[in-house]
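Derivation of every value follows stated rules applied to the coordinates shown; laboratory data play no part. All values derive from a computational prediction rather than experimental measurement. Glycine also receives a Cβ, built like all others from the backbone with ideal geometry; neighbour counts cover every protein chain displayed.
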Amino acid sequence: MKNALLIHPEFSPLGFWNYKDVCKLVGAKYPAAPLGMITLAALLPREWNIRLVDMNITELYDSDIDWADLVFIGGMLPQQVRFLKLIDRVHARGKKVVSGGPDPTSQPEVYKGSDYLVLGEAEDTIQPFLYDLHSGAQRGVYFPSENKPDLITSPVPRFDLLSLDDYLMIGIQFSRGCPYNCEFCDIIELYGRVPRTKTPQQIVNELDVLYDLGYRGHIDFVDDNFIGHKGKVKQTLRALRKWSQAHNYPFFFSTEASINLADDQDLLGLMRDVDFRYVFIGIESVSEEVLRSNRKMQNLNRKLYDDLHRIYNHGMVVNGGYIVGFDNETSQTTRLIAESIEHNKICMAMVGLLYALPGTQLTRRLGQEKRLSEHTNRLDPGNRANVDQTTTGLNFATQRPRNEIIADFVYILKRVYNGKKYFDRCLRLGLVLKVSREHRPSFSKKLISARALIRLIKQLGFSPSTAYYFWRNILVILLVRPSAVGEVVNLMAMHIHFRKQTKYIIELMTRSSQNNGEHEMAAAATVSLGDAIQA
Ligand code: B12
Ligand code: SF4
């Protein structure tokens, strides 16, 4: 029998997705749980003792490492620096390390200090590794097979290993892969272009387990593109509807999808019926030329305003992803992103710098054009900006001056997360959002929400820069569309994070511009930090 310790390294506390301040309002510690690690746990031999340490919510003690016979570490690119340090820490205590997950899979050479590298999807590579381990192998590298694993073989993740209350949401996964072909995307490299799906019964089984563990509330479908296979997702949503009705709607959902979600009323209706509340959509750019050149074909020739409003009509808030730094973009079209966000009522916009991720078509092209930075995806431990794509990016020679891109990026952030503009968007969205919620929180969750609201009022309701907008929004929405009040309050709460995050990013970008040595542009990029956060 083995003691296996599974470690999920910490993300930078300064990341866009690390909205710990908002988590604190409801007593959680981190937004999302490490689904890859608990899926791996379910694939390990049943007789093993397994301990999970998610360093985003808890400390790792030396005694945990001493307890283990074998240590498994998994993570993605932004975790790289902490991941590599962990390998050394585990080795220093005389234990062996098995590494896996998206970053080791994309660039195994960075993790060559691991004893075992188990790459790709664990459903595919864990068995050969276990076989060798059993036979006494001391080292090994296990590459993914040519055919990606059928998700029917994917077990129910070990949700029981999670401290469920520490997260804002729990992830589950219906499909892997995406049929599209965006040049900058690593999903299609890691998980393929043919969406592979679980069966409706598998999803129901996962929900049963979470339900039996007493979990209630937010479930995030972490699919790369939830609607990659529309026929199959509809079947699953029908099963989900039946299950939810029978269990009195214990959960509500969010996910990530391509914009053509807006074309399918039937699909939108099914998502509304099971209480999907948020959907992240990659909009990327407002320039058709840019979209075409990075092969984001599904976003071409669309009426974005109508598309998004069709989704709002089904009660879902859209979080939009935008990227700055593409070839062929101009300052003028890039700056229009701020207007697009404004016009389309996108409250939570993730605006990032283009990053050539390892193994992508973009990275291959830039490599051929000799434009990639040296050691491009080996993160520098001394660089405070190595957080995520809102702070790190442009890891290549850009087509237009780097500082012009940074100035545009700062311009967008400054406009979009300016307090007045943000709160106005929350209100405008609330006024069109056709909310019909099925999930009703339990009494204890209501108490937590009430406490969170008091904390929120203290932070936003009395702050000179936000008080007016906060109370105005609550009053207007209660009078005009009371069903949306919960959503508007949630979105306003996120401003606590965005305000801080924007300030941090602008500070970093300003310094980066100055380091680039083009003082003129740096001046353009330098905005008063106060401006970014004031109403
Ligand atoms: C949900 C998600 C998030 C969530 C939560 C992540 C979390 N807590 O783990 C949030 C929204 C926070 C997030 C943010 C980001 N993410 Co993200 N995210 C995902 C997403 C969509 C799903 C992750 C997941 O749960 N998958 C399901 C599980 C089952 O799959 P898995 O993790 O790959 O695990 C399997 C294998 O990798 C393997 N495995 C995993 N770990 C281990 C460990 C060992 C030892 C072994 C043997 C095997 C193994 O076995 C598992 C079962 O097959 C993935 C895409 C994807 N399809 O995975 C991107 C992805 C992981 N994210 C990515 C990126 C780049 C980011 C961001 C930097 C994005 C940004 N724009 O800034 C940020 C940074 C995060 C931060 N806080 O700083 C990239 C990573 C690229 C890379 N090469 O490392 C991915 C692959 C896709 C993408 N392009 O966006 N992300
Ligand atoms: S739609 Fe999203 S997941 Fe699909 S290829 Fe494009 S960026 Fe990747």
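Per residue, the Cα convex hull of the stretch 3-142 amounts to 109 Å³.
What is the list of residues in the stretch 87-117 whose amide nitrogen lies under 20 Å from a point 7 angstrom out from the Cα of V141, following Cα to Cβ? Residues 87-88, 96-117 qualify, since their backbone N sits under 20 Å from the label point.
Over 24 Å apart at the Cα level, from the set K414/K446; K20/K434; K230/K345; K345/K445; K20/K503, are K414/K446; K20/K434; K230/K345; K345/K445.
Here is the short version for the chain: C23, C178, C347, C426 have no other Cys C-beta closer than 4.7 Å.
For V351, nonlocal amide neighbours, meaning residues 5 or more places apart or on other chains whose placed amide H falls under 5 Å from its own, are Y322.
Please give the Cα centre distance for the stretch 295-348 versus the stretch 414-465, rounded to the nearest Å. A separation of 23 Å, based on Cα centres. Taking each residue as 0.36 nm, the span from H134 to H343 lengthens on full extension beyond its C-alpha to C-alpha distance by 69.3 nm.
For the pair D69 and K112, label points projected 7 Å from Cα toward Cβ lie 3.0 nm apart. When the alpha carbon gyration tensor of the stretch 398-465 is reduced to an equivalent ellipsoid, the three semi-axes, largest first, read 36, 17, 13 Å.
To make sure I understand, if each residue's beta carbon is the centre and we count other beta carbons within 10 Å, what order do E109, E206, E289 fall in, fewest to most?
So the residues, fewest neighbours to most, are E109, E289, E206.
Extension gain for the segment M297 to L478, taken as residue separation times 0.36 nm less the Cα-Cα distance, is 61.1 nm to one decimal. Under the criterion of Cα pairs below 8 Å and six or more residues apart, the relative contact order for the chain equals 13 percent.
With kT/(6 pi eta Rh) evaluated at 20 °C and eta = 1.002 mPa s, and Rh the Kirkwood radius from Cα pairs, the stretch 1-44 diffuses with a coefficient of 172 µm²/s according to Stokes-Einstein.
Of all DSSP beta bridges in the chain, what percent run antiparallel (nearest 5)? The partial results should precede the final answer.
Values: 3 of 47 bridges.
About 5 percent, rounded to the nearest 5.
For the chain, what is the calculated [θ] at 222 nm in deg cm²/dmol (nearest 500), taking -39500 (n - 2.57) for each run of four or more DSSP H residues and dividing by its residue count? Walk me through the numbers on the way to the answer.
Values: 21 runs with 231 residues, N = 535.
It lands at -13000 deg cm²/dmol.
Residue exposure proxy: E404, E374, ordered by other Cβ atoms within 10 angstrom of their Cβ from fewest to most, comes out as E374, E404. For V317, the residues 5 or more places off, or on other chains, whose built amide H falls under 5 Å of its own are Y278, V279. Evaluating 6.51 cos²θ - 1.76 cosθ + 1.60 at θ = phi - 60° for every residue in the stretch 186-198, the Karplus couplings come out as 9, 4, 5, 7, 7, 10, x, 9, 9, x, 9, 10, 7 Hz, glycine and proline recorded as x.
Applying 1/(1 + (r/R0)^6) with R0 = 35 Å to the Cβ-Cβ distance of E59 and D212 gives a FRET efficiency near 0.75. Work out, step by step, the length gained on full extension between Q127 and S436: first 0.36 nm times the residue separation, then minus their alpha carbon distance; give nm to one decimal. Value of the extension gain: 106.7 nm. Bridgeable lysines around K370 (alpha carbons under 28 Å apart, same-chain partners fewer than 8 residues away excluded): K112, K296.
Counted by neighbouring Cβ atoms within 10 Å, the residues T199, T255 run from fewest to most as T199, T255. By the equivalent-ellipsoid construction on the alpha carbon gyration tensor, the chain comes out with semi-axes of 35, 30, 23 Å, ordered largest to smallest.
Backbone amide hydrogens, once placed in the peptide plane, bring M169 within less than 5 Å of A33, excluding anything fewer than 5 places away on its chain.
Please find the FRET efficiency linking F443 to V485, where r is the Cβ-Cβ separation and R0 is fixed at 22 Å, and quote it to the nearest 0.05.
Values: r = 19 Å, r/R0 = 0.88.
The computed FRET efficiency comes out at 0.70.
If both residues of a DSSP beta bridge must be in the stretch 3-142, then about 0% of such bridges are antiparallel.
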